[in-house]
Amino acid sequence: MQTLSHDILRRDALGTFIWIEAAASIETAKARILHLAERFPGEYVVFHQATAKIVANLRFKQNARSSVRSESTHTQEKSLSSS
């Protein structure tokens, strides 16, 4: 059985992160976010359950031609408890 250790969250209009789904790896989570962002552009984070840290932060905007582009794609580690 595969462990789903990375949570995918999307920031809503009020700035609250909403859990979307879990993935087995950061690579799988990022690939899933790319797929999701095609229909739902916005800010997504990948949260690693074992370390309780955000390990990726991706933001997508819709451009004039209705395609999605990544505004900033970077990996960071940030503890949610230190906010």
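Could you list, in sequence order, all residues of the range 10-25 that are at pLDDT 95 or above, among the aliphatic types (A, V, I, L, M) and surrounded by fewer than 18 Cβ atoms within 10 Å (Cβ to Cβ)? Listed by number, the residues that qualify are 14, 18, 20, 22, 24.
Counting only strands (runs of 3 or more DSSP E) that sit wholly inside the range 10-67, those with at least 2 residues that are free of Cβ contacts under 8 Å to residues at least 24 places away in the same chain are 17-23, 53-62.
Would you say residue 72 is surrounded by fewer than 17 Cβ atoms within 10 Å (Cβ to Cβ), at pLDDT below 95 and within 16 Å of residue 11 (Cβ to Cβ)? The answer is yes for residue 72.
The values are calculated or read from the model by the stated rules, or taken from the named source; none is laboratory data. Everything quoted here is computed from the prediction, not taken from an experiment. Cβ: placed from backbone, ideal geometry, glycine included. Neighbour counts: every protein chain shown.
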